[in-house]
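I have placed the structure first, in the form of structure tokens, so that the comments after it can refer back to it.
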Amino acid sequence: NSEWYQKRWGKRYKLVSDQDAKGYFANDKLGARVSTTVKGGVTGKGGDRLMLDAPHNTQKVENDIERNEALYLWKNTLKSRADSPDTATIVVMQRQHELDLAGLIIAEELDKTWAVLDLQARADFGDRYPWLDYSFDPRTIQGESLWPEMYPISALDSLQKSMDPYAVA
């Protein structure tokens, strides 16, 4: 219902009024968006695009049981919910642990079907990996901030001093 959305797609798609809940939106073209948590249910649902955003709780990622809940969801539930083998799957997350979901995908599943986009808070050209796609990163200067208007180098320095190593790159 936002002005931004209505300007771009309002003439093409309308939300169905009786399916306009926080976790489920349906439109008049039989499309829908379902949202749940890692501990929420996805059984009985599928999709032609699957997106997992922030699968780990930053306050609990050090706990093996908590961290493994997201890995279990990935390995045993989400992969079987795709409508077809060609379903686009997107994982958006901040690295928080060596054994987090991104670590699992990189270690066990990385192949030609995955594109890994690594956008560190500050550019680190010495830490390049062959399986990462760097073409999306416009920076050319070592240490340059990803978003200098919001996080200039001085702000990143301050954050890095006060946070755990996984929090700020």
(message) Considering only residues that are within 22 Å of the chain's Cα centre (by Cα), assigned to a loop (DSSP other than H, G, I, E, B) and surrounded by 14 or more Cβ atoms within 10 Å (Cβ to Cβ), which ones fall in segment 125-163?
(response) Tyr134, Asp137, Arg139, Leu146, Tyr151
(request) Identify the single condition in (1) part of a loop (DSSP other than H, G, I, E, B); (2) at pLDDT 85 or above that Val168 does not satisfy, given that it satisfies every other one. (result) (2)
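Would it be correct to say that Ile65 is β-branched (Val, Ile, Thr), more than 13 Å from the chain's Cα centre (by Cα) and part of a helix (DSSP H, G or I)?
yes
Tell me, please, whether a residue that is in contact with a Pro (Cβ under 9 Å, 6 or more places away or on another chain), modelled with pLDDT of 85 or more and either open to solvent by less than 90 Å² (accessible area, probe 1.4 Å) or at positive phi (or both) can be found in segment 52-65.
No - not one qualifying residue is present in segment 52-65.
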(request) Inspect segment 88-98 for any residue being exposed (fewer than 15 other Cβ atoms within 10 Å of the Cβ) and without any contact (Cβ under 8 Å) to a residue 40 or more places away in the chain and give the result as yes or no. (result) yes
(message) Kindly evaluate Glu144 against the criterion of being acidic (Asp, Glu) and modelled with pLDDT of 85 or more.
(response) yes
(message) Go through segment 1-49 and report how many residues are of a type in the set (A, V, I, L, M) and either open to solvent by 60 Å² or more (accessible area, probe 1.4 Å) or at pLDDT 85 or above (or both).
(response) 4
(request) Name the residue, out of Asp83, Asp100, that is of a type in the set (Asp, Glu) and farther than 22 Å from Asp133 by Cβ. (result) Asp83
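The values are calculated or read from the model by the stated rules, or taken from the named source; none is laboratory data. Computed from a prediction, not measured in an experiment: that's the story for all the values here. FYI the Cβ positions are ideal-geometry reconstructions off the backbone, even for glycines, and counts take in every protein chain you see. The accessibility values were calculated without ligands, DNA or RNA, using every heavy atom of the protein model including side chains. Shrake-Rupley method; radii C 1.70, N 1.55, O 1.52, S 1.80 Å.
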